[in-house]
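Enquirer: Below is a structure I'd like to ask you about.
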Amino acid sequence: MNPAAAPAERLPLPGPLPNALQLTADGKLRHLLTVEGLSRELLTEILDNAESFANMNEKAVKKVPLLRGKTVVNLFFEASTRTRTTFELAAKRLSADVLNINVSTSAAVKGESLLDTLRNLEAMNVDMFVVRHQQSGAAHFMARHVEPGISVLNAGDGRHAHPTQALLDMFTIRRFKGDFTRLKVAIVGDILHSRVARSQIHALNILQTGEVRVVAPRSLLPAHVADLGVHVFHNLEQGLRDVDVVIMLRLQRERMEHAHLPSEHEYFQLFGLTRRRLHLATPGCLVMHPGPANRGVEIDSAVADGAQSVILQQVTFGIAVRMAVMSMVMGVRSA
Amino acid sequence: MNPAAAPAERLPLPGPLPNALQLTADGKLRHLLTVEGLSRELLTEILDNAESFANMNEKAVKKVPLLRGKTVVNLFFEASTRTRTTFELAAKRLSADVLNINVSTSAAVKGESLLDTLRNLEAMNVDMFVVRHQQSGAAHFMARHVEPGISVLNAGDGRHAHPTQALLDMFTIRRFKGDFTRLKVAIVGDILHSRVARSQIHALNILQTGEVRVVAPRSLLPAHVADLGVHVFHNLEQGLRDVDVVIMLRLQRERMEHAHLPSEHEYFQLFGLTRRRLHLATPGCLVMHPGPANRGVEIDSAVADGAQSVILQQVTFGIAVRMAVMSMVMGVRSA
Amino acid sequence: MNPAAAPAERLPLPGPLPNALQLTADGKLRHLLTVEGLSRELLTEILDNAESFANMNEKAVKKVPLLRGKTVVNLFFEASTRTRTTFELAAKRLSADVLNINVSTSAAVKGESLLDTLRNLEAMNVDMFVVRHQQSGAAHFMARHVEPGISVLNAGDGRHAHPTQALLDMFTIRRFKGDFTRLKVAIVGDILHSRVARSQIHALNILQTGEVRVVAPRSLLPAHVADLGVHVFHNLEQGLRDVDVVIMLRLQRERMEHAHLPSEHEYFQLFGLTRRRLHLATPGCLVMHPGPANRGVEIDSAVADGAQSVILQQVTFGIAVRMAVMSMVMGVRSA
C-alpha cells in the first residue's frame, strides 16, 4: 500500500468486540489498540503500574532491564517526532532494542503493502510494534495479523484512537485530582477530527467521571456525539462553568476551512482559553493539552504557562504510562 | 565524491584475488566483500555459526554480549531501510553500538569523498563498516583502505555482489533441503542487473550444488553468463522442470525499458511464477525471493504466500547469518 | 519558531558573565556554552580527563557505564552528520541513552518555539542537551531556561562558538606539542564567519599560548579582531613564518560572494596551504583543520594527507574530549 495514494479510510474498522483482539483469554492486555471496551480494573492497573515508572524517571539512573533482549519497532506511517520520541525513550529505559522506521521514506516507496511490511518485520523476531498511521483501523489490522507473542500498540490511527495519550491524561488527572467520580471534565475544540478526544471520552466514562463535556462549534462535532455519553456545549463560557479539568485540543489549521472557520483570530475569540474564562471553572481547575499548543489560537500563552497548567506534567507522565503499557503487554511487571 | 554526480562504475573492480583482501593470512574471515573465491569450508563455517544465532533469535532474550563496546557503522550511500534494519538488529543483538549514516543526506552534500568519509569514521575508532553503495567495488575500495582491526561488510555494491543475501539464501536452502550436491536450483528474472544473482551463483557453485540454472529473457542476461557455471534457459516452463529450489528475482521496474520489456503484464505472462508453473518443479520445491516481491509481476501472490514459500524464513535467517558474519570478522564466536 | 524564517541573530547574546551560567557556585562545569571566560585550570582539567577516554577508545571494549540510565538529546536545528555522530558516539560509549532530534524535520514544522521544544523534552526527564543552532546564543538561551540538573552543551551556535571543537584542538596541540606558552599558532581563513575560530582564539589565550595569529583577507576578518589578543596578517607567507601550529578553516563557498572573492582558484593562490608554504613554518609544524576540508581551496591534498597533518587525530580526540565534557557536567569522573 502506498499511503500517499491510499484513500483515507480504506482499512476496515474493527467489529464490536475489539477486546477479543486486545486482551488475552484470561483478560490480560496483549495489544493496546483502543481504550474503548477496557474495564475500569484494567485501566486502573495500567495507571497503578505507571506510578512506579513515574517515580523511577525522577531518579539518577532511569533504566530497568524489564525488556532487555526485546525488540521494539516504532513503525510510523505519519511523521510525529514528539510521539515517536516518547515511545523510543520508554522502550530504551526498559532496556529494549529500538528500531525507528519511517515508512513514508522507505518500503512504501517500493510499493510494499502494510501486510508485507508487517510480515517482514515480524520475521525478524521483533516483539512489539508501536504503529502510527493516517488510516483508522491500521493498528487493529496489524493486531489481527501478527503472530502470537508480538504486541501492537496504537500510537494514533486516523481519526480513530490514540489510547496512550488518553491514558496519560487519566494518569495526570488522577495524580492531581484523585477520584474521578466527583469530577467535571470539559474537552474543548476540534472533537470531529480528534482521535485524542475519542479516546479521552471513552477513558473518562470507563473511569466513571462525574460529568464529561464536549465544547465545540457545531462544525467541529461529529454527528450523534451525545451518544458517547457526554454533555454538549457550543458556548465555551457555559461549558467551562464549574469544571475541575479542561482539556484543550489542538486546532489543525489545515482543517479550518472545511469547518467554515473564518480565521484563527475569530476562533480564539469564541473558543480560546483565556485567564478570564478559566475563572468560570473551579478555582483549582487543571488545564491540559496534548500538545503542541497553538498559542493564541486555542489557548492563551498566559494560561498554557500558568499555575493551573499541567501540560508539561502530561509529557512527563506519558513516558511512565508508555513504560507501563509496554511492560504489561510483554508480560512483565515493574518490581 | 558526490555519489549523485559520479559515473556509475567509477571505482575500479578488484583484481583476481579478492581473498587476499577478505581473508587473514591464516584463512579467517576479515571482511566480507564477495562470496566469490571463498572456500566451501568457510561458507559452511558461517552457516554453522548462524545456526546458533537462529536458535537464539527464537528466545525471549535475544541478546548476547559478543560485540559489547564495539562500534558498527551502517554506511548507506543508497537508501534501503530493509537491509539496513537487518544489519542494525544483528549488531544490536550482539550488543554493539550502532551508528546509522545515510550519506546521501550528509557529508556528500559538502563534497566529501568516499575516502574522506572512511578516514573520518575510522578516526572515531569504529570497528566495522556495513556499506551499501551504488558503485560496484565500493566495499573493496574501503577494505583496501581501512586500518588493521576494522572490518568491512558489503551490503550491496552496484551490480557486483550482495554476499550476506546469498549466504542467508544458502542457509535457508540447507535448513530445508540439506545436502546441496543433490539439488537443482533455478534463479529466475533479471540476472543482468542483479548483484544478488551473482552472489547466489557463486555460493551455489562453491557448495557444489547439483545443478544451477538461470532463467531469463536474453535482454536480462549478462554476456557469457554460461561461463559462470550455470545452465541457461529462456523459457520458464523448461527452466522449472524438476528443480528443488526456485529463486525469483525482483524486477527493477525502472530497468524494464532498457531491457525492451513491453509491460509488467507481459513479463508476468512469460516469466511470472504461478501455481500452475510451480507444479513443473519437484513437489517440495522451495520458493524464494530476496524481497520485496512485486506481486503480479515476477510472482503470483498465491505462490509468494503459499505453502512452499520460504520468503519470510529468508528474512528470519538473514538476521542470524549477519550476526554470524559480524561475530566472525570481529574474531569472536558464539558459545 | 520556524528556523528557516527566523532572522539570523534574533536570540540575544549573553551578557558579560557567561560563567555565571555555565559554572556551578563552586566553579564546576555545569553547561559548556563557550570557552570564553573559562579558567586555565578548568580547561586543563577537561583536557586531563579526556586523556583517559582517549586511551579507552583504543581498547577492544570502548564502553564505560558512567552515564548509564542518563538520557542525552542531540537537538540539531542545523544538519551536521559529522558533529552529531561524534556526540552520539561519545554518549553511547558512556552508556547513555541517546535521542537524535533533527528539528528542521519535526516540531518546527508545527510552529513550535525553541522554548516549547526545550520544555517538552525536559519534561521527559532528559539529562543533557547537545544543541546545534544557526542562531548565535541559542545554547545560552537554553541554558538560562533549563531546569536544575539538566546540562546544555553547545555544538555550534551561529557565528558565536563551538567550544568542543576548540577543546579538541587544544587537546591535539597539547598531545603533540606540550607547553602552550612556547608556541606560535596561526589560524588561517574565514575568521569572520567562523564560530570555530572564535572559540579557538579564546582557548589559546586562556592556555597562555606564546603567540596567536590570524591570517585572512580583510573581507574575511571581523572588525576589531586585534582586540581579541591576536596578531593579524593579510599575507599567508608572512603569517606562517616560524609558527608551530597552523589551523586552516573551511571556506564556506556560499559566503565567498559576500566576501568579494572572485573564485576558489584565486583564493587558493593567495591563502591555500601548500607544501612550499608550509616550509615557512617550523619543521615540525602541525597542520590542523576542523573538517571537512575543501581540498584545492584552502588546503592542498598533499598537505592535508601529509606527515605533518593531524586532521584525523583531531577527529579521534574529539570523541574523548566530548566524553570528558559529558561526564564532567553530569558530575561523574572517569576512574
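The values are calculated or read from the model by the stated rules, or taken from the named source; none is laboratory data. Quick caveat: nothing in here was measured; it's all calculated off a predicted structure. As a convention, Cβ positions derive from the backbone with ideal geometry for all residues, glycine included, and neighbour counts pool all protein chains shown.
Enquirer: Of the residues that sit in the stretch C:243-272 and are among the aliphatic types (A, V, I, L, M) and outside any loop (DSSP other than H, G, I, E, B), which one is modelled with the lowest pLDDT?
Expert: Here the residue is C:Ala259.
Enquirer: Go through C:Val146, C:Val152 for me and flag whichever is touching a Phe, Trp or Tyr at 6+ places or on another chain (Cβ under 6 Å) and within 30 Å of A:Asn55 (Cα to Cα).
Expert: C:Val152
Enquirer: State yes or no: is B:Val303 in the same structural domain as B:Asp48 (by TED's automatic domain parsing), in a helix (DSSP H, G or I) and at pLDDT 95 or above?
Expert: Answer is no for this residue.
Enquirer: Going by the structure shown, is C:Leu207 in the same structural domain as C:Gly272 (by TED's automatic domain parsing) and touching a Leu at 6+ places or on another chain (Cβ under 7 Å)?
Expert: Here the answer is yes, as C:Leu207 does meet what is asked.
Enquirer: May I pose another question? For the stretch C:165-174, state whether one or more residues are basic (Lys, Arg) and closer than 30 Å to C:Pro283 by Cβ.
Expert: Yes, the stretch C:165-174 contains at least one residue that is basic (Lys, Arg) and closer than 30 Å to C:Pro283 by Cβ.
Enquirer: Okay, next question. Among the candidates C:Gly137, C:Gly178, single out the residue that is more than 22 Å from A:Asn57 (Cα to Cα), touching a residue at least 40 places away in the same chain (Cβ under 8 Å) and of a type outside the set (Phe, Trp, Tyr).
Expert: That would be C:Gly137, the only listed residue that is more than 22 Å from A:Asn57 (Cα to Cα), touching a residue at least 40 places away in the same chain (Cβ under 8 Å) and of a type outside the set (Phe, Trp, Tyr).
Enquirer: May I pose another question? Filter the stretch B:78-95 down to the residues that are surrounded by fewer than 23 Cβ atoms within 10 Å (Cβ to Cβ) and over 16 Å from the mean Cα position of the chain (by Cα), then identify the one that is farthest from the other protein chains (Cβ to nearest Cβ).
Expert: Result: B:Ser95.
Enquirer: Which one is surrounded by the most Cβ atoms within 10 Å (Cβ to Cβ), of the residues in the stretch A:101-116 that are modelled with pLDDT of 85 or more and either more than 9 Å from chain B (Cβ to nearest Cβ) or closer than 19 Å to A:Glu147 by Cα (or both)?
Expert: Across the stretch A:101-116, the extreme among qualifying residues is A:Leu114.
Enquirer: Quick check on C:Arg119: is it outside any loop (DSSP other than H, G, I, E, B) and facing another protein chain (nearest Cβ under 9 Å)?
Expert: yes
Enquirer: Consider C:Ala155 carefully, then state whether it is farther than 29 Å from A:Gly318 by Cβ and among the aliphatic types (A, V, I, L, M).
Expert: When the stated conditions are applied, C:Ala155 does not pass them.
Enquirer: Every residue in the stretch C:38-73 that is touching a residue at least 60 places away in the same chain (Cβ under 8 Å) and within 14 Å of chain A (Cβ to nearest Cβ), please.
Expert: C:Leu66, C:Leu67, C:Lys70, C:Val72, listed by residue number.
Matching residues to (1) closer than 16 Å to B:Leu249 by Cα; (2) away from every other protein chain (no Cβ under 13 Å):
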residue	(1), (2)
B:Pro283	no, yes
B:Val287	yes, yes
B:Asp300	yes, yes
B:Ala304	yes, no
B:Val310	yes, no
B:Gln313	no, no
B:Met323	no, no
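Enquirer: While we're here: Just one of (1) crowded, with 20+ Cβ neighbours inside 10 Å; (2) modelled with pLDDT under 95; (3) within 11 Å of chain C (Cβ to nearest Cβ) trips up A:Val98, so point out which.
Expert: Every condition holds for A:Val98 apart from (2).
Enquirer: Return the residues of the stretch B:33-52 that are over 25 Å from B:Val146 (Cβ atoms) and either assigned to a loop (DSSP other than H, G, I, E, B) or not β-branched (Val, Ile, Thr) (or both); say none if nothing qualifies.
Expert: B:Arg40, B:Glu41, B:Leu47, B:Asp48, B:Glu51, B:Ser52
Enquirer: Taking the stretch C:217-242 as the search range and keeping residues that are of a type in the set (Gly, Ala, Ser) and modelled with pLDDT under 95, which one is farthest from C:Ile46 (Cα to Cα)?
Expert: Looking at residues that are of a type in the set (Gly, Ala, Ser) and modelled with pLDDT under 95, I get C:Ser219.
Enquirer: Continuing with the same structure: Can you work out which of the residues in the stretch A:295-330 that are of a type in the set (Gly, Ala, Ser) and within 19 Å of the chain's Cα centre (by Cα) is farthest from A:Ile46 (Cα to Cα)?
Expert: Looking at residues that are of a type in the set (Gly, Ala, Ser) and within 19 Å of the chain's Cα centre (by Cα), I get A:Ser309.
Enquirer: Another question, then. Residue by residue through the stretch A:156-184, note down the ones that are under 14 Å from A:Asp244 (Cβ atoms) and of a type in the set (A, V, I, L, M).
Expert: A:Met170, A:Ile173, A:Leu183
Enquirer: Sticking with this structure for a sec: Residues that are over 14 Å from the mean Cα position of the chain (by Cα) and either of a type in the set (A, V, I, L, M, F, W, C) or surrounded by fewer than 24 Cβ atoms within 10 Å (Cβ to Cβ) (or both): which helices (runs of 4 or more DSSP H) entirely in the stretch A:132-219 hold 3 or more of them?
Expert: Per the criteria, A:138-145, A:163-177.
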